[in-house]
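First the structure, in the form of structure tokens, and then the observations on it.
Please treat every number below as a calculation from the coordinates, not as lab data. None of the values given here were measured: they were computed from a predicted structure. For neighbour counting, all protein chains shown are included, and Cβ atoms are generated from backbone atoms with ideal geometry for every residue, glycine included.
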């Protein structure tokens, strides 16, 4: 997902039909964490290098040339990247609860930490 944030910050558009996404095969937790850390680091550099005026530029998402989204880079980054992260964090919390695993803190102590689950 962080790779998508990097694409929003470093390109004027993405056409899904032209992308070459290859799912990362699961080999180990260490391998996934390494890939995650690398993607976060790359996106963090892109975020630091994004000038203020770039946030107002038009960014497009399409499939085979047909528009899915056209709007400012800011709206693409916030709506399609940051909101998507929040969505998946909530999914993970639901999955952990269903499996009786304590939910870690997000913006301060979770109820699991506070109530001692």
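Can you tell me which residue is farthest from the chain's Cα centre (by Cα) among those in region 78-116 that are more than 30 Å from residue 7 (Cβ to Cβ) and part of a helix (DSSP H, G or I)?
Only one residue tops the list, namely 115.
Please enumerate the residues belonging to region 24-51 that are closer than 10 Å to residue 2 by Cα and touching a residue at least 12 places away in the same chain (Cβ under 8 Å).
Within region 24-51, 36, 39, 40, 42, 43 qualify.
Tell me which residues, restricted to region 5-24, are assigned to a helix (DSSP H, G or I), in contact with a strand residue (DSSP E or B) (Cβ under 8 Å, 6 or more places away or on another chain) and surrounded by 15 or more Cβ atoms within 10 Å (Cβ to Cβ).
Quick first cut of region 5-24, residues assigned to a helix (DSSP H, G or I) only: 5-10, 16-18.
Now narrow it down to the ones that are in contact with a strand residue (DSSP E or B) (Cβ under 8 Å, 6 or more places away or on another chain): 7-8, 16-17.
Answer for region 5-24, where residues must be assigned to a helix (DSSP H, G or I), in contact with a strand residue (DSSP E or B) (Cβ under 8 Å, 6 or more places away or on another chain) and surrounded by 15 or more Cβ atoms within 10 Å (Cβ to Cβ): 7, 8.
I'm checking my understanding of the structure. Among residues of region 25-64 that are surrounded by 11 or more Cβ atoms within 10 Å (Cβ to Cβ) and in a loop (DSSP other than H, G, I, E, B), which one is farthest from the chain's Cα centre (by Cα)?
57
Could you check residue 83 against (1) closer than 30 Å to residue 110 by Cα; (2) surrounded by 14 or more Cβ atoms within 10 Å (Cβ to Cβ) and say which number it fails?
With respect to (1) closer than 30 Å to residue 110 by Cα; (2) surrounded by 14 or more Cβ atoms within 10 Å (Cβ to Cβ), residue 83 is out only on (2).
Which one is farthest from residue 46 (Cα to Cα), of the residues in region 65-77 that are part of a helix (DSSP H, G or I) and without any contact (Cβ under 8 Å) to a residue 24 or more places away in the chain?
Our first condition is that a residue be part of a helix (DSSP H, G or I); within region 65-77, this holds for 73-77.
Remaining after also requiring without any contact (Cβ under 8 Å) to a residue 24 or more places away in the chain: 74-75.
Values: 74: 14, 75: 17 Å.
Out of the qualifying residues, it is 75.
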